[in-house]
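Here's the structure, in C-alpha cells; my notes come after.
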Amino acid sequence: MMSGVKRYVDQAYKTADQVQLETTEKLKDRANVVYHWKAELENAISTITEEMELLEAERRRVKRSLSVLTIPASIAGEFLQLRSSRLESDLVRDEVEEQLTKEIALCSEVQNVLESNCEQIETQMIELKAAKARLESDWSNKIHAYKVDSVCVNLSNDSPLLLWKAGATRFPADQSTPTSYDHFTQDALAAGDAARQSSMQLRTTLKTICDSSIKELRDQAACVDIALATKVNLTQECLQQLENELLRCLRELASAEKLIEALRDSAKGLDNSTKLAQTRLDDRLHRRNVESCRDAAQFALVEEVKLLGERTSGMLAELKRAEESQAELVRTRGNLEHEIMVKRKTLCIDKERGQLLRSFFPSATDLSGF
C-alpha cells in the first residue's frame with residue numbers, strides 16, 4: 001500500500017511539473033507576442049512622431065509664408081497710392097496700374113489658400129495626435145502586460161512571493177480573446193498608419209499648391225516690373241522729346257523777339273521819313289499866290305507819303321503777325337514746361353520711388369517661408 005501511495009505522489013509531482021513547464025512555455029510564448037506588438041507600436045509611434053514633426057515644420061513654414069505675404073501686398077498698395085499723386089494728363093489707368101491691381105488680388109487669393117492650408121494642417125495634426133495617443137495607450141498597456149508576463153515566467157515553486165489567490169481562476173467579463181487582442185492592436189496600427197499616410201499626402205499636396213501659388217506671385221511681380229520698366233522708358237522718351245521741343249520753341253521765341261524788335265525799329269525809321277515828307281508838303285503849302293504850284297516836287301512828295309504809308313502799314317501788319325506768333329510761342333512754352341513738370345513728376349514716382357520700392361519684393365524662397 002505504501003508503495004502505491006508513493007507511486008501516486010510521484011506521479012502527481014511529475015504531472016504538476018509537466019503542466020507547470022507547459023504553462024511556463026505558454027507564458028513565454030505570450031510574452032513574446034506582447035513584446036512583438038510592443039515593438040510594432042514603438043516603431044509606429046516613432047514614425048508618427050516624425051510625421052508630426054514634419055507637419056509642424058510645414059505649419060510653421062506656412063505661417064512664415066503668410067507673414068511674408070503681407071510685404072508684396074503692402075508694396076503694391078503703397079505703389080498704387082504713390083501713383084495716385086501723378087498730375088493731370090498722366091493720371092490714367094495704365095498697364096502698370098492694371099498689373100498692380102492684379103498683384104493685389106493675387107496676394108489676397110494666395111493668402112486665402114495659405115490660410116486654408118493652415119486649417120487643413122491643424123485638422124490633420126488633431127488626427128495624428130489622436131492616433132498617437134491611441135498607439136501610446138496600447139503601448140503602455142503592452143509594457144505593463146509584458147512586465148506582468150515576464151514576472152510570471154520567472155516565478156517558480158521556490159519564489160518567496162507565492163500566496164494563495166482565491167478566485168484567481170475566474171474569467172473577467174471584459175477580457176479579450178487572442179483574436180480580438182490582435183485585432184485591437186492591428187486597428188490602432190492601421191489607424192496610425194492611415195493618419196500618417198494622410199499627413200504625408202497632405203504635405204505633398206500643400207507643397208505643390210504653395211509652390212504653384214508662389215510661382216504665380218513671382219510671375220505677376222515680373223509682369224509688374226516689365227510694365228513699369230516699359231512705362232519708365234516711355235516717359236523718359238516723351239520727356240526728352242518735350243525738352244527738345246521746348247528748346248526749339250525757345251529758339252523760335254528768341255528769333256521772334258529779335259524780329260519784333262527789328263520791325264519796331266524799322267517802323268520808327270519809316271515814321272521819321274513820313275514825317276519829313278509830310279513836313280515838306282506842309283511847308284510848301286505856305287507858298288504865296290502863283291508860287292503855290294503843283295509841281296513835280298509836290299507830286300513826288302505826295303507819292304512818297306503814300307508809299308511810306310503803304311510800307312508802314314505792311315510793316316505794322318508784319319509786326320502784328322510776329323507778336324501773335326510770339327504770344328503763341330509763349331503759350332506753347334508754358335504748355336511744354338507744364339508737361340515737362342508732369343513727366344518729371346511721373347518719372348520720379350515710377351523710377352526713383354516705384355522701382356526702389358519694388359526692389360524690396362520678397363524672393364521666392366522668402367515667400368515660401370524658408
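Could you give me D for segment 211-318, from Stokes-Einstein at 20 °C and 1.002 mPa s, where the hydrodynamic radius is the Kirkwood radius over C-alpha pairs? Units µm² s⁻¹, please. Write out the running numbers ahead of the final one.
Numbers: Rh = 20.3 Å.
It diffuses with D of about 105 µm²/s by this estimate.
Peptide packing: for 246-253, 188-195, the average count of neighbouring Cβ atoms within 10 Å per residue gives the ranking 188-195, 246-253, highest mean first.
Rounded to the nearest 10 degrees, the inclination of helix 2-83 to the longest alpha-carbon principal axis of the chain is 10 degrees. Taking 37 °C and 0.692 mPa s as conditions, the chain diffuses translationally at an estimated 102 µm²/s according to Stokes-Einstein applied to its Kirkwood radius (Cα pairs).
Computed over the chain, the per-residue total of -39500 (n - 2.57) for DSSP H runs of n ≥ 4 gives a 222 nm mean residue ellipticity of -31000 deg cm²/dmol, rounded to 500.
In the structure shown, do any of Lys258/Lys351; Lys102/Lys345; Lys102/Lys129; Lys132/Lys207 have a Cα-Cα gap over 30 Å, and if so which?
Numbers: Lys258/Lys351 41 Å; Lys102/Lys345 24 Å; Lys102/Lys129 40 Å; Lys132/Lys207 24 Å.
Result: Lys258/Lys351; Lys102/Lys129 exceed 30 Å.
Think of the chain as having a plus end and a minus end, set by charges on the Cβ of Lys, Arg, Asp and Glu; of Phe361, Thr177, Asn112, Phe361 sits farthest toward the positive end of this dipole. Applying the Karplus relation 6.51 cos²θ - 1.76 cosθ + 1.60 with θ = phi - 60° to segment 107-124 yields 3J(HN,Hα) values of 4, 5, 5, 5, 4, 4, 4, 5, 5, 5, 4, 4, 5, 5, 5, 4, 4, 5 Hz, where x marks Gly and Pro. Within segment 270-332, the proportion of C-alpha pairs whose separation exceeds 21 Å stands at 44%. Applying 1/(1 + (r/R0)^6) with r as the Cβ-Cβ distance of Glu352 and Arg64 and R0 = 30 angstrom yields a FRET efficiency of 0.40. Suppose R0 equals 22 Å. What FRET efficiency, 1/(1 + (r/R0)^6) with r the Cβ-Cβ distance, do Leu54 and Asp211 give to the nearest 0.05? Efficiency for this residue pair is about 0.85. Separation of segment 215-243 and segment 75-135, taken as the distance between their Cα centroids, equals 23 angstrom.
Computed from point charges on the beta carbon alone (+1 for Lys and Arg, -1 for Asp and Glu), the dipole magnitude for the chain about its Cα centre is near 480 Debye. Relative to the longest principal axis of the Cα atoms of the chain, the long axis of helix 296-347 lies at roughly 10 degrees. Bridging of Lys28 to aspartates and glutamates at a Cα separation below 13 Å is possible for Asp149, once same-chain residues fewer than 8 apart are set aside.
Dipole magnitude for segment 42-143: computed about the Cα centre from +1 point charges on Lys and Arg Cβ and -1 point charges on Asp and Glu Cβ, it is near 340 debye. Once the Cα atoms are used to define both axes, helix 178-284 deviates from the longest principal axis of the chain by about 10 degrees.
All of the numbers you see were taken from the coordinates with simple rules; none came from a lab. None of the values given here were measured: they were computed from a predicted structure. Positions of Cβ are backbone-derived with ideal geometry, glycine not excepted, and every protein chain shown enters the neighbour counts.
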